[in-house]
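Here is the structure we will look at, set down as structure tokens.
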Amino acid sequence: MRKTLQFLLDNICANFTVDSLLDVVRMCLGKGPSTMSDIASAIMQKDRSLDVKSAEGLAEGAVQALLESGDVEVRQSRLHATGSKASREADSAGVKRKLERNLFDGCGIVIFPNVHRAMQGDRTINSAGFSGRLIFPPAELRSGCDLAVEINLVERDAIERLLKNEDIPHVIVGPVGKGSQEPLNIVKITDFGNWAMVKAANMKLTYDKTNGTIVNISGGGCPDIPYLNFRLVGKRLDAVPKPRDLGFTLCAMMLDVALVESLKLWQEAK
């Protein structure tokens, strides 16, 4: 059956391996009893290049393979994952983590003329359901802006149409080598006893560890920093707006990274 599935995938040119396709079906069934339409929809969510007929064909092939292996059974016209509820939940969680790690392949970069446009592009891409993440582009691809958006190259044409329709100036570059992009989420944490400081690039956010109140913001030299300082300092980490939604510079973006990490640390320590 795996050979049949591989033939289907090759024939349709789907963005799956046999194992990753089966994992999508397992994750769908891990949420509860499903129909074939539910599974086809889940497949289309992971590969937006597929039409309904192609997704249904892949769903039928994948379900047949899982029926033969004993991982799936049919009850009252619905598909059910076999095994105990606890094991199904554990398997589902494991599959979800695996998909989160493996299905974002990157390899394409969207370059923008300035930081504001890069932040706008990132929001637009992710709001439309595509995979994208803000990065520092490689030095040779920088064009006056220190932010870019990494995308799945398989979604390039659809993202290109989306950004053109939204009138967001950009250039899509790809393929590029994996590992050549610098992520934004590299932070440094300094413990001052009752306070903790989280540094992301040149931005530092210090908060009170007892109540989560932001006591200081420093670093950077961007024009929106005074306004961000006014909106955030003296308020709790979980009660402030996102800096990336308030500002329009790289400082605002990095302050957002520091805020997310600070909130995570504070909540974990409570």
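Just so you know, all these numbers are worked out from the coordinates, no wet-lab data involved. Since this is a predicted model, take the numbers as computed values, not measurements. So basically every Cβ, Gly included, is an ideal-geometry build from the backbone, and we count neighbours across all protein chains shown.
Brief remarks follow.
- Among 60-68, 162-170, the order from most to least packed when residues are scored by Cβ within 10 Å on average: 60-68, 162-170
- Taking label points 7 Å from Cα along the Cα-to-Cβ direction, Arg123 and Arg48 give a separation of 1.8 nm.
- Using the Karplus relation 6.51 cos²θ - 1.76 cosθ + 1.60 with θ = phi - 60°, the per-residue 3J(HN,Hα) values for region 24-40 come to 4, 5, 4, 5, 4, 5, x, 7, x, x, 9, 9, 5, 5, 4, 5, 4 Hz, with x marking Gly and Pro.
- Only aspartates and glutamates eight or more places from Lys235 in sequence, or on another chain, were considered; those with a Cα closer than 17 Å are Asp208, Asp245, Asp256, Glu261.
- Residues whose placed amide H lies under 5 Å from that of Ala196, excluding near-sequence neighbours: Tyr207, Lys209
- Taking each residue as 0.36 nm, the span from Asp238 to Val215 lengthens on full extension beyond its C-alpha to C-alpha distance by 6.9 nm.
- Charge tally around Met197: other residues with Cβ under 15 Å, Lys/Arg +1 each, Asp/Glu -1 each, net +2.
- Estimated vicinal HN-Hα couplings, Hz - region 234-250 in sequence order (Karplus 6.51, -1.76, 1.60; Gly, Pro = x): x, 10, 6, 4, 8, 10, 10, x, 6, x, 5, 8, 9, x, 9, 10, 4
- For Ser131, the residues 5 or more places off, or on other chains, whose built amide H falls under 5 Å of its own are Asn152.
- Members of Lys31/Lys270; Lys209/Lys264; Lys164/Lys242 lying beyond 18 Å, as alpha-carbon distances in this model show: Lys31/Lys270; Lys164/Lys242
- Nearest-0.05 FRET efficiency for Lys188 and Thr35, computed from C-beta distance (R0 35 Å): 0.10
- A full extension of the chain between Glu160 and Tyr227 corresponds to an added length of 20.8 nm, given 0.36 nm per residue minus the alpha carbon distance.
- Modelled FRET efficiency - R0 51 Å, Lys270 with Val74, Cβ distances, 0.05 increments: 0.65
- In Hz, Karplus ³J(HN,Hα) per residue of region 201-209 (6.51, -1.76, 1.60; θ = phi - 60°; x = Gly, Pro): 6, 9, 9, 10, 10, 10, 9, 7, 5
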